[in-house]
Amino acid sequence: MPQIKTARGPEFSRIVSVAGHRGSRVVDNEEMCTYIDSSDEWIRQRTGIVERRWAAEEETPLAMAVSAGSKAIGRAGIRPEQIGTLIISTVSHFQQTPSLAVHVARELGLNDPAAWDISAACAGFCYAVGQADAIVRSGLSEHVLVIGVEKLSELTDLKDRGTAFLFADGAGAVVIGPSDEPAIGPTVWGSDGEQASVIDVASWEANAAHPKITMDGRSVFKWATTHIAEKTKEALAAAGLTAGDLDVFIPHQANNRITDSMLRHLGLPDSVVVSRDITHMGNSSAASVPLAMEALLESGEATSGQTALTIGFGAGLVYAGQVVRLP
Ligand code: UT7
């Protein structure tokens, strides 16, 4: 029997850089209340959102992904040709095939990369980090570019007072490459298709226009504050750490009340910096974790080399999280 040679890579991978692009239009709660029967007070109390960012017409998912991706490559100090794999997480690319990733790869000037999209909604960024970690460590690519990008304003039903105030537009990108020391913990991930109908976007064929998101908010809230809070604990334990070892907590920016509940569940010390990026951004699904990471680093609330716990969760229902060293 001939022996099959297998790929071998470095022992560890790390997030080398992070960058984002936020939709340029600021939509405050006052404007939101011209679309739905609600109030600034209700939206703030129930979610923590003061304003959200929506993209202008020319800020397409392609344009926002290219903007975030090129910044991440520049910050990593590598050339675009050194990216061997591009993974894009999005639910905002309205074409079954080709993927958004091949278009982004062309615009970024990547050289013959493996490129594909994944559909894992608000968990998509953390799913892709898990994939990228495995790809680097197995030697399939030296550097992987991961981009979460959404233009949820196009998927939002502005007549639905149960969802319209939540969603936002943006892109967040990281470059993942080899590391001399452990810097990405095991990804804890999963799904529950029994709850597929809880957050839904109707099939394209049923709609001439873009389909819109529908959501049973209470069910998602309950699942996130119980099951996902527990999975977040598992991601910490999988990395061999305890709450006292953490510097930063970056949960998917779905609702500050969900974050508060997770904090109680995890018992994180007060010294842990917690992302509240949703306050001025809204929920940008696959882009929310990397955008929150970039914001904490840019504001100086968090610093490079610190230990952060991330968790994404959403439509599927799906979830994924891991402990990472901040770039
Ligand atoms: O990123 C993907 C994952 N998504 C999430 O994690 C979202 C999770 N869910 C949530 O964040 C929350 O469920 C929402 C923010 C969407 C809703 O908050 P809630 O506290 O669960 O509200 P509710 O649906 O239980 O409604 C409470 C009350 C109801 O009135 P009554 O029946 O108590 O009189 C609603 O009719 O609030 C009313 N209500 C509103 N009032 C003012 C519902 N929507 C609005 C509104 N403005 N926009």
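The values are calculated or read from the model by the stated rules, or taken from the named source; none is laboratory data. Keep in mind that this is a model prediction, so the values were computed, not measured. Cβ: placed from backbone, ideal geometry, glycine included. Neighbour counts: every protein chain shown. Areas reflect the complete protein model, heavy atoms only, side chains present, ligands, DNA and RNA absent. Shrake-Rupley method; radii C 1.70, N 1.55, O 1.52, S 1.80 Å.
A compact table of results
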| quantity | calculated |
| --- | --- |
| Residue check, residue 218 in a helix (DSSP H, G or I) and more than 19 Å from the chain's Cα centre (by Cα) | yes |
| Search result, residues across the range 231-259 that are free of Cβ contacts under 8 Å to residues at least 40 places away in the same chain, part of a helix (DSSP H, G or I) and more than 25 Å from residue 169 (Cβ to Cβ) | 233, 237, 243, 244 |
| Condition met for residue 194 (outside the structural domain of residue 84 (by TED's automatic domain parsing), surrounded by fewer than 21 Cβ atoms within 10 Å (Cβ to Cβ), in contact (Cβ under 8 Å) with a residue 24 or more places away in the chain and away from the ligand (no atom under 12 Å from the Cβ)) | no |
| Members of the range 37-74 found to be open to solvent by less than 20 Å² (accessible area, probe 1.4 Å) and either outside the structural domain of residue 22 (by TED's automatic domain parsing) or of a type in the set (Lys, Arg) (or both), listed by number | 52 |
| When residues of the range 19-35 are limited to those that are among the hydrophobic types (A, V, I, L, M, F, W, C) and open to solvent by 10 Å² or more (accessible area, probe 1.4 Å), the one nearest to the ligand (Cβ to nearest atom) | 33 |
| Filtered residues of the range 137-169 (kept if on the phi < 0 side of the Ramachandran plot, open to solvent by 30 Å² or more (accessible area, probe 1.4 Å) and part of a loop (DSSP other than H, G, I, E, B)) | 138, 140, 142, 157, 158, 159, 160, 161, 162 |
| In the range 263-291, the residues that are touching a helix residue (DSSP H, G or I) at 6+ places or on another chain (Cβ under 7 Å) and farther than 21 Å from residue 50 by Cα | 265, 266, 267, 268, 269 |
| From 172, 282, residue being at positive phi and within 21 Å of the chain's Cα centre (by Cα) | 282 |
| Residue check, residue 4 modelled with pLDDT of 95 or more, buried (at least 16 other Cβ atoms within 10 Å of the Cβ) and of a type in the set (Val, Ile, Thr) | no |
| Any hit, the range 129-141, residues being at pLDDT 95 or above and within 15 Å of the ligand (Cβ to nearest atom) | no |
| Positions within the range 259-294 being farther than 15 Å from residue 148 by Cβ and among the acidic types (Asp, Glu), in sequence order | 260, 270 |
| Filtered residues of the range 170-190 (kept if open to solvent by 10 Å² or more (accessible area, probe 1.4 Å), within 26 Å of residue 234 (Cβ to Cβ), in a strand (DSSP E or B) and touching an Asp or Glu at 6+ places or on another chain (Cβ under 9 Å)) | 179, 184, 188 |
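Conditions tested, residue by residue: (1) away from the ligand (no atom under 16 Å from the Cβ); (2) under 25 Å from residue 212 (Cβ atoms); (3) buried (at least 18 other Cβ atoms within 10 Å of the Cβ).
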{"site": "266", "(1), (2), (3)": "yes, no, yes"}
{"site": "291", "(1), (2), (3)": "no, yes, yes"}
{"site": "301", "(1), (2), (3)": "yes, no, no"}
{"site": "304", "(1), (2), (3)": "yes, no, no"}
{"site": "326", "(1), (2), (3)": "yes, no, yes"}
